[in-house]
Amino acid sequence: MHDLHGKYRPHTLETILIEKALDMAVNGLTVFIVDDDPDVCDALAALLRAEGFVVETYLSGPDFLASVKPEQHGCLILDINLPLISGLDLQQILTERGFNLPIIFLTGFGDVPKSTAAFKGGAVDFLEKPVDADVLIPAIRNALALSYQRHEEKSRQHELDALYANLTPREKEILVYLARGYSAKQVGKALGISHRTAEIHRARIMEKLGVQSLADLVALAIQMGIR
């Protein structure tokens, strides 16, 4: 078994369960196809639907932008040589509008400058037409897995932001010291408050953040970006 970066990982119950969960998540995401050739759209859509993917097709960048919302998740198979709005321009527009869709670019011919620009813009793959199914399908699964991971990370960050917002300004101040490993006594000395008051603040902070130990509190603070 290999991870998304091609590195070997041994089969364990944990990794098998992770892969199964990822498979379920990936199968629930959408593969968006934007190509001005209807035959290409139809052929790709038929292939991917036969593999169990949810697919939506669009013949132009404006059609895609008019329909898809930033909160939708999946990946985008994008023809780099589109009329009206080129693939690279569409990539830039999506970034500006807050879309987080991993992009697989398709091109009818090799084009190093364009592929370089695509990767700099965050593309995850750049494939030449006609693309082989054995190449395209693994690329799509990797892109969908990346989309799923990004969504999970974003959801987790929203949860952390909400927890942090529940703290008072004083509690936020004390959390900084706790994240640095200060004891309640040291916090009290640093802020000019009693040891007991510092302990009460620490207990309230732990309750609000839903942690049971100081070690968990420090770990959570680090996830929040507090050092």
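Write down, largest first, the equivalent ellipsoid semi-axes of the range 118-227 in whole Å, where each equals the square root of 5 times an eigenvalue of the alpha-carbon gyration tensor.
Three semi-axes, in Å: 46, 12, 10.
Under the Karplus relation 6.51 cos²θ - 1.76 cosθ + 1.60, θ = phi - 60°, what is the ordered set of whole-Hz ³J(HN,Hα) values for the range 197-202, x standing for Gly and Pro?
After applying 6.51 cos²θ - 1.76 cosθ + 1.60, I find 4, 5, 5, 5, 4, 4 Hz.
If the chain between residue 195 and residue 219 were fully stretched, how many nm would it gain, using 0.36 nm times the residue separation less the Cα-Cα distance?
Full-extension gain reported as 6.4 nm.
How large, in percent, is the carbon and sulfur part of the accessible surface of the range 81-176 at a probe radius of 1.4 Å?
Taking all protein chains in place, the range 81-176 shows 54 percent carbon and sulfur surface.
Quick one: 3J(HN,Hα) in Hz for the range 57-63, Karplus 6.51/-1.76/1.60 with θ = phi - 60°, rounded, Gly and Pro as x.
Running phi through 6.51 cos²θ - 1.76 cosθ + 1.60 with θ = phi - 60° gives 10, 9, 9, 7, x, x, 4 Hz.
Taking R0 as 30 Å, what's the FRET efficiency between residue 63 and residue 132 from their Cβ-Cβ distance, rounded to 0.05?
In this case the efficiency is close to 0.65.
In whole Hz, with x marking every Gly and Pro, tabulate ³J(HN,Hα) for the range 168-178 from phi via Karplus 6.51 cos²θ - 1.76 cosθ + 1.60, θ = phi - 60°.
6, x, 5, 5, 5, 5, 5, 4, 4, 5, 4
Take the Cα radius of gyration of the range 26-110 and divide it by 2.2 N^0.38 Å, with N its residue count; two decimals is plenty.
That ratio works out to 1.01.
So what's the net charge close to residue 187: Lys and Arg +1, Asp and Glu -1, counting the other residues with Cβ under 12 Å from its Cβ? Write down the numbers at each step before the final one.
Working: positive: 170, 180, 185, 189, 196, 202; negative: 171, 173, 199.
Residues close to residue 187 contribute a combined charge of +3.
Once you order the gyration tensor axes a ≥ b ≥ c over the Cα atoms, which shape class does the range 83-178 get: rounded for a/c under 1.5, otherwise prolate or oblate by comparing a/b with b/c?
prolate
How many Å² of accessible area per residue for the range 80-226, probe 1.4 Å? Provide the component values of the computation, followed by the final result.
On the way: 8060 Å² over 147 residues.
Averaged over the residues of the range 80-226, the accessible area is 55 Å².
The values are calculated or read from the model by the stated rules, or taken from the named source; none is laboratory data. All values reported here derive from a predicted model rather than from experimental measurement. Positions of Cβ are backbone-derived with ideal geometry, glycine not excepted, and every protein chain shown enters the neighbour counts. Surface accessibility is based on the protein's heavy atoms, side chains included, excluding ligands, DNA and RNA. Shrake-Rupley method; radii C 1.70, N 1.55, O 1.52, S 1.80 Å.
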